[in-house]
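Peer 1: Quick one: the structure is below, and I'll ask about it shortly.
The values are calculated or read from the model by the stated rules, or taken from the named source; none is laboratory data. Source: prediction; values computed, not measured. Note that each Cβ is placed from the backbone with ideal geometry, even for glycine, and that neighbours are counted across all protein chains shown. Note: areas computed on protein heavy atoms with side chains; ligands, DNA, RNA excluded. Shrake-Rupley method; radii C 1.70, N 1.55, O 1.52, S 1.80 Å.
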Amino acid sequence: MTYGTDCEAVLMTTTFPAIPYLEWISGRASEATHDLATSDLNVARHDDSVVPPVLADLADPEDETLVGQLASRYDVPESSVLVTAGASHANFLAASALLDLATEVPDDADDADDSDNSVDSARPQVLVEKPGYQPLLATPEALGARVDRFVRPPEFDYELEPSRIDGAATDSFAYAIVTNRHNPSGELTPRAELAEVADSAAEAGGYLLVDEVYAPYIDPATDGPFGGVTAAGMPKTVITGSLTKFYGLGGLRVGWLIGPEAVIERARSASMYLPSVATPSTKLAQRALHHGDQIEAAARDQLSTNHELLASFLAGQPSLSGRIHAGGSFAFFEHDDCDGDEVADAAWDQGVLVVPGRFFDLPDAFRISLGGDPGEMATALDVFGDVLDELTA
Ligand SMILES: Cc1ncc(COP(=O)(O)O)c(C=O)c1O
């Protein structure tokens with residue numbers, strides 16, 4: 001696919017190769033006896049009913065729209081909100097919109113400097129955090145962007161450093177992507193620091209995209225949306241979220257994109273190429289948000305119990321190193337003697353699912369997530385502890 005006119009030489013080739021992590025994880029959770037890979041706080045699990053049990057006996061809101069409910073939670077105008085089929089769809093639409101804006105034909109296109117018209121320098125540049133969640137780099141790459149990485153250094157607890165964006169941005173910089181909490185480490189970046197990263201992206205001529213699916217994973221809750229931290233409302237900043245993780249309602253496929261109107265309008269146009277969210281899902285999402293206090297309190301109970309479980313598990317495992325961030329229920333660990341694949345393979349042999357770090361750019365590590373019922377998580381950790389004992393024996 002070629003965007004723009006010949007004189008701009010803005011070439012973007014679109015292709016959709018397999019995303020290795022999604023190919024690997026697909027179907028594994030249902031095959032696993034002990035799922036230590038999902039971070040979805042899945043209150044509604046083990047039930048095949050159409051309406052998730054957690055929503056079954058709750059009343060529907062009157063005179064509210066889903067867009068209105070989200071706008072009021074994030075304290076933004078409704079024109080800044082687009083409802084999507086989960087955060088994956090939101091991230092795709094954000095990429096489409098931001099790349100579209102970056103490759104806009106300027107009014108003075110005839111005067112454009114085309115002295116360096118190599119394909120790579122002409123493609124819009126997207127900077128993605130490293131380590132990171134593969135679909136976040138696969139998506140802009142599939143849409144034809146040039147994807148470069150900036151490091152969140154393991155030795156500094158994967159902290160976000162704004163100067164890394166300036167350092168890596170080229171003239172064709174379009175946007176930078178971060179997750180908050182960080183997937184895979186669980187590191188949480190406060191709003192003031194996100195603002196610095198957004199400034200840095202804006203100075204480099206682009207936007208900041210923050211995937212906030214794990215932002216509500218904080219205990220106790222703050223006064224932000226879903227009790228978490230958000231970058232919503234900052235200049236040249238777009239955020240994505242969904243009901244999959246904290247509400248455990250991934251089956252609804254409801255997410256959102258929040259950002260400046262110009263971005264939302266582009267994303268809305270791009271969304272017309274893809275299926276939209278089904279009405280029953282929209283209605284159930286409205287119901288979930290209407291009773292958010294109750295669902296969030298239950299989610300936070302589960303989060304906090306699972307956090308304690310993971311923290312005491314780590315304390316009893318001398319062969320493991322890594323940090324569990326306050327309030328989080330997933331983390332990225334290294335084993336003294338084995339790489340991430342060796343740990344994940346040994347665990348899988350005993351029916352335990354953890355994710356090898358190679359899917360997050362760090363093959364020495366593995367990611368462990370406690371999303372399920374605390375009783376099941378405790379059992380799963382016991383079995384995983386035995387796996388680690390065997391490995392070090
Ligand atoms: C950082 C991140 N973003 C998005 C998603 C997908 O979210 P959704 O189910 O809402 O599409 C995941 C799921 O693992 C994720 O880890």
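Peer 1: Based on this model, can you work out whether ILE177 counts as away from the ligand (no atom under 14 Å from the Cβ), of a type in the set (Val, Ile, Thr) and either outside any strand (DSSP E or B) or buried (at least 24 other Cβ atoms within 10 Å of the Cβ) (or both)?
Peer 2: So ILE177 fails the test.
Peer 1: Filter the stretch 338-386 down to residues that are part of a helix (DSSP H, G or I) and either surrounded by fewer than 20 Cβ atoms within 10 Å (Cβ to Cβ) or among the basic types (Lys, Arg) (or both), then give me how many there are.
Peer 2: So the answer is 16.
Peer 1: Another question, then. Restricting attention to the stretch 232-256, and to residues there that are of a type in the set (D, E, K, R) and touching a strand residue (DSSP E or B) at 6+ places or on another chain (Cβ under 9 Å), which single residue is farthest from the ligand (Cβ to nearest atom)?
Peer 2: Taking the stretch 232-256 and keeping what is of a type in the set (D, E, K, R), we get 236, 245, 253.
So of that shortlist, the ones also touching a strand residue (DSSP E or B) at 6+ places or on another chain (Cβ under 9 Å) come out as 236, 253.
Values: LYS236: 21, ARG253: 7 Å.
Top of the filtered list is LYS236.
Peer 1: Tell me the residue from SER276, SER271, SER321, SER281 that is within 16 Å of the ligand (Cβ to nearest atom) and open to solvent by 40 Å² or more (accessible area, probe 1.4 Å), please.
Peer 2: SER276
Peer 1: Continuing with the same structure: Select from the stretch 221-231 the residues that are open to solvent by less than 20 Å² (accessible area, probe 1.4 Å), more than 16 Å from the ligand (Cβ to nearest atom) and hydrophobic (A, V, I, L, M, F, W, C) and list them in ascending order.
Peer 2: Within the stretch 221-231, none qualify.
Peer 1: Does THR15 count as outside the structural domain of GLU141 (by TED's automatic domain parsing), open to solvent by 60 Å² or more (accessible area, probe 1.4 Å) and at pLDDT below 90? Steps first, answer last, please.
Peer 2: Numbers: outside the structural domain of GLU141 (by TED's automatic domain parsing): yes; open to solvent by 60 Å² or more (accessible area, probe 1.4 Å): yes; at pLDDT below 90: yes.
Yes, satisfied.
Peer 1: Find the residue count for the stretch 302-345, including only residues that are farther than 19 Å from THR379 by Cα, touching a residue at least 60 places away in the same chain (Cβ under 8 Å) and of a type in the set (Phe, Trp, Tyr).
Peer 2: Going through the stretch 302-345 one residue at a time, the tally reaches 1.
Peer 1: Let me ask something else. Under 8 Å by Cβ, and 6 or more places apart or on different chains, what pairs join a residue from the stretch 191-217 that is at positive phi with one that is open to solvent by less than 20 Å² (accessible area, probe 1.4 Å) and not hydroxyl-bearing (Ser, Thr, Tyr)?
Peer 2: Partner pairs satisfying both residue conditions: GLY205/PHE173.
Peer 1: Within the stretch 24-39, can you find the residues that are at pLDDT 90 or above and within 16 Å of the ligand (Cβ to nearest atom)?
Peer 2: If the condition is that a residue be at pLDDT 90 or above and within 16 Å of the ligand (Cβ to nearest atom), then TRP24, ILE25, SER26, GLY27, ARG28, ALA29, SER30, ALA32, ASP35, LEU36, ALA37, THR38 are the ones that fit.
Peer 1: Identify, please: which residue in the stretch 257-268 is buried (at least 19 other Cβ atoms within 10 Å of the Cβ) and in a helix (DSSP H, G or I) and is, among those, nearest to the ligand (Cβ to nearest atom)?
Peer 2: Per the stated criteria, the residue is ALA267.
Matching residues to (1) farther than 14 Å from LEU143 by Cα; (2) within 16 Å of the ligand (Cβ to nearest atom); (3) at pLDDT below 65:
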position: ALA87; (1), (2), (3): yes, yes, no
position: ALA94; (1), (2), (3): no, yes, no
position: ALA112; (1), (2), (3): yes, no, yes
position: ASN117; (1), (2), (3): yes, no, yes
position: GLN125; (1), (2), (3): no, no, no
position: GLU129; (1), (2), (3): yes, yes, no
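Peer 1: If you don't mind, there's one more thing I want to ask. So ASP223 passes all but one of these: (1) assigned to a loop (DSSP other than H, G, I, E, B); (2) modelled with pLDDT of 95 or more; (3) out of contact with any strand residue (DSSP E or B) (no Cβ under 8 Å at 6 or more places or on another chain). Which condition number does it fail?
Peer 2: Single failed check for ASP223: (2).
Peer 1: On to the next question. Considering GLY241, GLY251, GLY205, GLY233, which residue is outside the structural domain of GLU308 (by TED's automatic domain parsing) and part of a strand (DSSP E or B)?
Peer 2: Being outside the structural domain of GLU308 (by TED's automatic domain parsing) and part of a strand (DSSP E or B) holds for just one of GLY241, GLY251, GLY205, GLY233, which is GLY241.
Peer 1: Looking only at the stretch 40-62, filter to residues that are at pLDDT 90 or above and among the small types (Gly, Ala, Ser); which one of those is farthest from ALA87 (Cα to Cα)?
Peer 2: ALA59
Peer 1: Of the conditions (1) within 16 Å of the ligand (Cβ to nearest atom); (2) assigned to a helix (DSSP H, G or I), LEU55 satisfies every one except a single condition; which number is it?
Peer 2: LEU55 satisfies all of (1) within 16 Å of the ligand (Cβ to nearest atom); (2) assigned to a helix (DSSP H, G or I) except (1).
Peer 1: Identify the residue in the stretch 199-213 that is of a type outside the set (D, E, K, R) and buried (at least 24 other Cβ atoms within 10 Å of the Cβ) and, among all such residues, is nearest to the ligand (Cβ to nearest atom).
Peer 2: The qualifying residue nearest to the ligand (Cβ to nearest atom) is VAL213.
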